[in-house]
1. Could you order peptides 185-194, 226-235, 97-106 by the average number of other Cβ atoms within 10 Å of their residues, highest first?
2. Could you work out how much longer the chain between residue 282 and residue 264 gets when fully extended? Use 0.36 nm per residue separation minus the Cα distance between them, nm to one decimal.
3. Under a plain spin-label model, where a point goes 7 Å from the Cα along Cα-to-Cβ, how far apart in nm are residue 46 and residue 230?
4. Relative to the present Cα-Cα distance, how much length would full extension add between residue 338 and residue 239 at 0.36 nm per residue of separation?
5. Normalised by the number of residues in the chain, what is the relative contact order in percent for Cα pairs under 8 Å and 6+ residues apart?
6. For the chain, what % of the accessible area comes from carbon and sulfur atoms, probe 1.4 Å?
7. For the chain, what does the accessible surface come to per residue with a 1.4 Å probe? Please give it in Å².
8. Hey, if you put +1 on the Cβ of every Lys and Arg and -1 on every Asp and Glu Cβ in the chain, which of 123, 97, 322 ends up farthest toward the positive end of that dipole?
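The values are calculated or read from the model by the stated rules, or taken from the named source; none is laboratory data. What you see is a predicted model, and the numbers here were worked out from it, not measured in a lab. Methodologically, a virtual Cβ is constructed for each residue, glycine included, from the backbone with ideal geometry; neighbour enumeration extends over all protein chains shown. Calculation scope for accessible area: heavy atoms of the full protein, side chains included, ligands and nucleic acids excluded. Shrake-Rupley method; radii C 1.70, N 1.55, O 1.52, S 1.80 Å.
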Amino acid sequence: MRIGMLTGGGDCPGLNAVIRGAVRTVAVEHGGEVIGFRDGWRGVLEERYEHLDVDRCRGILPRGGTILGTSRDQPYTRPDGPGRVAEVVERLGLDAIVAIGGDGTMGVTKDLHRDGVPVVGVPKTIDNDIALTEMTFGFQTAVQICTFSIDRLHTTAESHDRVLVVEVMGRHVGHIAVWSGLAGGAAITLVPEEPFDIDEVCRRIATRHRRGSWATIVVVAEGAVPAPGTLDVAAPPVDAYGHQRLGGIANVVAAEIEGRTGIETRTTILGHVQRGGTPVAFDRVLATRFGVAAVDAVADRALGEMVALHHGDIVRVPVADAVGHQKVVDEALLRVARVFAPPLPDEGEGPATEG
Ligand code: F6P
């Protein structure tokens, strides 16, 4: 068996565990070779790769990032790109390319499969928003980092009786915000799925503080947006690939809270600290299972399929069915979050809202 592997898009803890799982499966169960392309699809287009074996993978299981490097380059942005990928697969005698990445990488995987290139997908994103897989590796690590951070912020917020607004990742969806908000006991969690009303946020905080609640932690996903017509927010800048460079909504929210309630409010933007460093055990295991399953898919000629987690089992789904739409936060989990932030009573009466 000869497999090419690549990691595309933003990095995420667990990528190396996938690579290691795949390399070990080829070595132990099939024999053959694994080639690791450098820097995502760019390495395929430029034919830059290294040979991966069991020795090369020693020590990488707990290591964050990706030993292969990554980029957001895509073959379909160049006229000769798809043909070039097909040529490289042919020249290197690959049974398939195993592409590990997020929605962008899975989109390329879908299109290459349509164009006859042998590919298998492995879903990756800390945002946990890829459809048809219950979870992606890296997500639990990000949630753990956010939860540790929120725990620490509680004590300083309480000491100063401040509002602390914590911004976490979550471009289109609020999985990290809802999980870490619940785990960290946030009073308010703002997610992209439910545009927020800053008036209501401020009224909730003012009510809490009037009733003597200790401080307030607000968790806001970087992709959270105000309800139409409620608050002006400048459009974020766009990166070289046309993606909005998010980050900073917490500053807007914090300024509004302080301005409207008079309660001192500070911001913590966790940023890439959520993505760096060692994966938690769950992510190491899920990533390893995905790596093994990706090689199984190549062996079974299940091309154009993506490995996925479904009811705790590793399954395959057509990559075409997984791309182009996000997995949003489950209504049942949003309801659990709402239990800790119930509807506000009319001014001056009703039950307390606690976080
Ligand atoms: O999609 C994963 C993610 O971490 C998002 O939460 C975030 O908006 C984005 O990647 C940022 O990526 P980068 O900083 O690498 O452009």
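1. The peptides rank, most packed first, as 97-106, 185-194, 226-235.
2. 2.7 nm
3. The two pseudo-label positions are separated by 4.6 nm.
4. Computed gain between residue 338 and residue 239 is 32.2 nm.
5. Relative contact order comes out at 23 percent.
6. 51
7. On the way: 15000 Å² over 355 residues.
The answer is 42 Å² per residue.
8. My answer, from the dipole projection, is 97.
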